[in-house]
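First comes the structure, then the notes that go with it.
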Amino acid sequence: MTLLTSILITPKGAVDLTEADWELLVRQARAANLLGRLDYLFIQNDVAKDINQKYLWHFNAAKTLSDKLMNNVLREIDELTSALKEIGVAPVLLKGAAYQAAGLPCCQGRLMSDIDLLVNKASLDKVQSHLLKFGWVSMPIKDYDQQYYRKWMHEIPPLKHATRQTTLDVHHNILPLTNKNTIDASRLGFRKVFHEWFGEVQTLNPLDTVIHSSVHLFTESEFDNGLRDLSDLDMLIRHFTSTNKNYVNELVIRANELELADYLSLTLRYTKMVLNTPITPKATSSLNIKHQSRLSQTFWDFCFMNIFKPFHSSTQSWQMRVAKFILYWRGHLLRMPLKLLIPHLIRKSYMQIKDMFNDMHENKNNI
Amino acid sequence: MYKLYADYTLLETATFSDFQIVLRRPFNFRRWFRPQVDFYFDGRKPFKPLPLKQAYAMLEWGLNWCIANHAHHFLILHSAVLEKNGKSIILPAPQGSGKSTLCAALAGKGWRLFSDELALISLKSGELYPCTKPINLKNDSINIIRNFLPESINSNLFCDTHKGTVSLFKATTASVQSSQKISKPTFVIFPKFIKNSDTELNPLSESNAFLMLIENSFNYDVLGGKGFIAMCELVKGVDCFEFSYSKLDEAISLFDELVSQ
């Protein structure tokens, strides 16, 4: 277990850390984008007052930055929802923006700047052209990439606000259309949350929030924020369980219903193994998943246990590099079947090489 | 670098450090072919590589970047800060206003250097924290200060950087030795070098100073309400001036007079 994960599990342990431990903890937490989250946890667990200011300021400062980014996101939500209201679209907020609109604890100390929205697929064009009037423009993108997004992905290419530079991802589903588990987005369950800045907005309901975040994390091919995202899930589960003791059981039933149990099972397994999330084996036993051989279980544990670490020199190892490599391919294969993936990757590498030569040519001209 | 940091003590291993910085030549063909250097901050590379020859200048810029982008327990102004007779002066100014030149000249004539780039104002107490490092001078300023302070020690010239030619000047031993001593701000003075102008100091209203300080702040927007309060406290607690000058010795005697009253 890394120092960072042990403090995430028991923030009170921070009072016993030595100077050398703090040196390491700040490095690891910064690498994992979790400084601000620890600041929140230190206050929640009433240990901030016992921590020397020379260490604590790093955590405070990250929280200050995250508070500012949170305010920016709230402002963008306000702008976006009122803009879309004009054309009768009520978007569903996803991920960070949703955590924040709903005031969930896992938005505390989170560094985020992108906003994710879910809208009906039929209204995508209308939404995009209307948002353009409000300054949301498509980022320059190659024709091939454009086509790739439109044809296979569950979102349109990212939009960026021309003056405020915020990035916006407009989704019409939670999984790429090429993923074998992709679902009909209309089956997702929503709820309205109230925020004093902009009134009522839609987010996914507590069950589908965690299911979506699970799907999102466990279809990734890059895990730079893996530990942060796992910690989000841990905090979400703890939060929802605190008001509904039966929450995890309901989650399992819901995942079975949506046939997304594979993803939820990974969440439940690794939040428990890495962050000690309170999940009973009984709850997970009714997950509708294929039985895994012990060998394959060991193999995936090796990968995920090595990836849910801060990416820092103190944790670098050959195991982590192997895990990164395997999970990179796993993510790509989940996104699309091999017969689509191979031509896609060949095309992408060709485009990259071409760009490299173009860059070199330009540099030469500049010199 | 040893020349410029001769007065500092090295940290013992296992002492806590705020930022871990590594400058390293890349492990690709640019290690040998037109060699470059990478700047790592806690294992990340926030910048594009620079030519190897500019490594030391990159270290100083990178350090300033680390502080300006992370130390949000301070209100941070793009400003030189110096102190004499227990009175400290904040000299905020954008690039090219002659702020660093004035700062180097004052520091060479008995003023204690807090910083040539960053005013760190505690959000809790409103006090100034020193961040004493070598002074970064550009282009013509290098020779001006060399002539003005012949005894000063400076680094090699770094030519063709994005800021032009750059050299770093050693902070005085006295400044380095008292770099733990904090101070209350007394004056905020916006300097401007105007060729052949008279030395002139004009009072500035609190409200104008407030707006000008915001423009020279690195993290006012990040701090939100806390930044607003800190800025109000700062402006209320100091006297604000605009200052134009062309002759360094006149400027220094005026500053000396200001803090002797």
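For the protein assembly as shown, the carbon plus sulfur part of the accessible surface works out to 54%, probe radius 1.4 Å. Probing with 1.4 Å while keeping every protein chain in the model, the per residue accessible area of chain B equals 49 Å².
Considering only B:121, B:229, B:182, the Gaussian network model of chain B with Cα springs below 10 Å gives its largest mean-square fluctuation to B:229. The dipole here belongs to segment A:57-99: it is taken about the Cα centre, uses +1 on the Cβ of Lys and Arg and -1 on the Cβ of Asp and Glu, and is about 180 debye. Taking the alpha-carbon centroid of each part, what is the distance from segment A:92-162 to segment A:319-347 in angstrom? Value for the Cα centre distance between the two parts: 24 Å. Estimated purely from DSSP H runs of n ≥ 4, each contributing -39500 (n - 2.57), the mean residue ellipticity at 222 nm for chain A is -19000 deg cm²/dmol once divided by its residues. Once the C-beta distance of residue B:25 and residue A:282 is scaled by a Förster radius of 56 Å, the resulting FRET efficiency is 0.50 to the nearest 0.05.
For chain B, the longest principal axis of the C-alpha atoms and the axis of helix B:248-260 are separated by about 60°. Might you report the magnitude of the Cβ-based charge dipole of chain A about its Cα centre, with Lys and Arg at +1 and Asp and Glu at -1, to the nearest 20 debye? So the dipole magnitude of chain A works out to roughly 720 debye. Charging the Cβ of each Asp and Glu at -1 and of each Lys and Arg at +1, and nothing else, the dipole of chain B about its Cα centre rounds to 1120 debye. You can think of it this way: the chain between residue A:147 and residue A:317 has 57.4 nm of extra reach, that is 0.36 nm per residue less the Cα-Cα gap.
Solvent-accessible surface of segment A:56-182, taken per residue with a 1.4 Å probe and all protein chains present: 40 Å².
Here the label points at residue A:348 and residue A:325, each 7 Å from Cα along the C-beta direction, are separated by 1.8 nm in the simple model.
Against chain B, whose longest principal axis is taken from its Cα atoms, helix B:55-70 shows a tilt of about 60°.
Buried between A and B is an accessible area of approximately 1800 Å², summed over both sides with a 1.4 Å probe. To the nearest ten degrees, helix B:225-237 and the longest principal axis of the Cα atoms of chain B are 50 degrees apart. In sequence order, segment B:136-147 has phi-based couplings of 8, 10, 10, 6, 4, 4, 4, 6, 4, 6, 4, 6 Hz under the Karplus curve 6.51 cos²θ - 1.76 cosθ + 1.60, θ = phi - 60°, and Gly or Pro positions carry x.
Cross-link pairs exceeding 25 Å between alpha carbons, from the set A:272/A:309; B:133/B:236; A:49/B:226; B:109/B:138; A:354/B:163; B:133/B:184: B:133/B:236; A:354/B:163.
The values are calculated or read from the model by the stated rules, or taken from the named source; none is laboratory data. The shown structure was predicted, so the numbers you read here are calculated from the model rather than taken from an experiment. Cβ coordinates were reconstructed from backbone atoms using ideal geometry, including for glycine residues, and neighbour counts include every protein chain displayed. When the accessible area is computed, the model is the full protein with side chains, heavy atoms only, and any ligands, DNA or RNA have been set aside. Shrake-Rupley method; radii C 1.70, N 1.55, O 1.52, S 1.80 Å.
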